[in-house]
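Here, each number is a calculation from the coordinates, and none is a lab measurement. Predicted model, so just to flag it, every value in this text is computed and none were measured. Backbone-built Cβ (ideal geometry, glycine too); neighbour counts: all protein chains shown.
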Amino acid sequence: MTVRVPAKVNLQLGVGPIRDDGYHDLVNVFHAVSLFDEVTAEPADGASVAVEAAPDAQVAVEGVPVDGDNLAVRAARLVADRLGVAPDVALRIRKAIPVAGGMAGGSADAAAALVACARLWDDPEAPRLDRDDLMKLGGLLGSDVPFALLGGTAVGVGRGEQLSPVEARGTFHWVFATADGGLSTPAVYAECDRIREAQGEPVPWPQASRTLMAALAAGDAAALGAALDNDLQPAALLLRPSLRRTLAAGRELGAIGALVSGSGPTCAFLAADEGHAAELAAALGGAGVAKQVVRAHGPVPGATTL
Ligand code: C5P
């Protein structure tokens, strides 16, 4: 059983005040892009996971845990628990999504493992897990996991796990600049809190951007590029100052929008069309400001069985 699952970029990441549970209320406009991990689930004795980089992907997989801490293994155990079966599965993860890159690669793998294991252990005679059940289980595993199941373009509120699809016309063309070394999502949120505390201003409740929603509905890449917004970006730039150069290079080379993806350090650049994306990717590749430059388009579907 092999499931393919996309990366995401946040078109808008509006971060509200910190909550009592340590999370932040978000307005999170997710957009699934055509950079995919593949997770294969095979029957085995006990639960295990192996992780490899997809050919040509240059993904540093060394940082990914290969024990029970792996989010995909936790997903498999959760499915087994709900179905009342033993978690006997060998998971193989083939990664093209950067690790700790701000593109929800770990969440994507967990989403893929949920789908793969639910299929693997499907018993027509026993109660089954439907799409809604998997979305709920995804929310238990991480804030970004339900979106990796859903795909497309969607707005997430709460921790980001309460999703509503967003109308988006056409296809948008992206160039991603990956970086050496990841950024820890909790560290970036903590830095965001620190910056805000130092500023001493009340944190406004995040609102979905109307101009962004209109740009998506119209399929207007220029308007979308101008509306991209990430409240975590100042924190990511403080923790990784070299990203300023990466963003500036992309803008100078003609990107119609540029931002840090999620908690970073991957930077996302919007192109006007497919041809422009090819030109921009080639120019950015030559600028020496990224580990790797990859093109992708969105929106694409969420976790899909191959
Ligand atoms: O939900 P997930 O485990 O992916 O979140 C990772 C970390 O990101 C959390 O531990 C928290 O520090 C931060 N986070 C947050 N508010 C959210 C989502 C994530 O503070 N809504």
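Structure notes:
- Simple point charges give the picture: +1 on the Cβ of Lys and Arg, -1 on the Cβ of Asp and Glu, and for the chain a dipole about the Cα centre of about 600 debye.
- Sorting 293-299, 242-248 by average packing, meaning the other beta carbons within 10 Å per residue, from highest down gives 293-299, 242-248.
- Compared with the dominant principal axis of the Cα atoms in the chain, helix 71-83 is inclined by about 40°.
- Between the amide H of Leu35 and those of Ala7, distances stay under 5 Å, these residues lying 5 or more places away or on another chain, with hydrogens modeled in the peptide plane.
- Value of Rg/Rh across the range 263-306 [Cα atoms, Kirkwood radius]: 1.04
- Couplings for the range 112-123, taken from phi via the Karplus curve 6.51 cos²θ - 1.76 cosθ + 1.60 with θ = phi - 60°, read 5, 5, 4, 5, 5, 6, 4, 6, 4, 9, 5, 10 Hz in order; Gly and Pro are left as x.
- Over all projection directions, the Cα-based convex hull of the range 1-137 averages an area of 9.3 nm².
- Positive-end residue, the chain charge dipole about Cα centroid, Cβ charges, pick of Ala54, Ile195, Leu284: Leu284
- Separation of alpha-carbon centers, the range 60-128 and the range 203-254, rounded to whole Å: 31 Å
- Each of the GluC sites (Glu not before Pro) that DSSP puts in a loop and that has at most 14 other Cβ atoms within 10 Å breaks the chain; the longest unbroken stretch is 168-306.
- Considering only Ile195, Ile93, Ile256, the Gaussian network model of the chain with Cα springs below 10 Å gives its largest mean-square fluctuation to Ile195.
- Given their separation in residues at 0.36 nm each and the Cα-Cα distance between them, Ala226 and Ala90 gain 44.5 nm when the chain is fully extended.
- FRET efficiency, 1/(1 + (r/R0)^6) with R0 30 Å, evaluated for Thr304 and Ala126 via beta carbons: 0.80
- Choice from Ala226, Ala80, Ala126 with maximal GNM fluctuation in the chain (Cα, 10 Å cutoff): Ala126
- Highest GNM mean-square fluctuation among Val29, Val15, Val260, for the chain modelled with Cα contacts below 10 Å: Val15.
- Restricting the range 168-223 to trypsin sites (Lys or Arg not before Pro) that sit in a DSSP loop and have at most 13 other Cβ atoms within 10 Å of their own Cβ leaves Arg169.
- Cα shape, the chain, gyration tensor, a/c 1.5 rule: prolate
- Cα gyration tensor category, rounded, prolate or oblate, for the range 168-209 with a/c compared to 1.5: oblate
- Dipole-positive endmost among Pro206, Leu243, Ala226 within the range 192-247 (Cβ charges, Cα centre): Leu243
- Unit charges on C-beta of K, R, D, E only; dipole of the range 1-69, Debye: 420 debye
- Under a 5 Å amide H cut-off, with hydrogens placed 1.01 Å from N, Gly257 pairs with Leu270 among residues at least 5 apart or on other chains.
- Net dipole in debye of the range 113-176 [+1 Lys, Arg Cβ; -1 Asp, Glu Cβ; about Cα centre; nearest 20]: 260 debye
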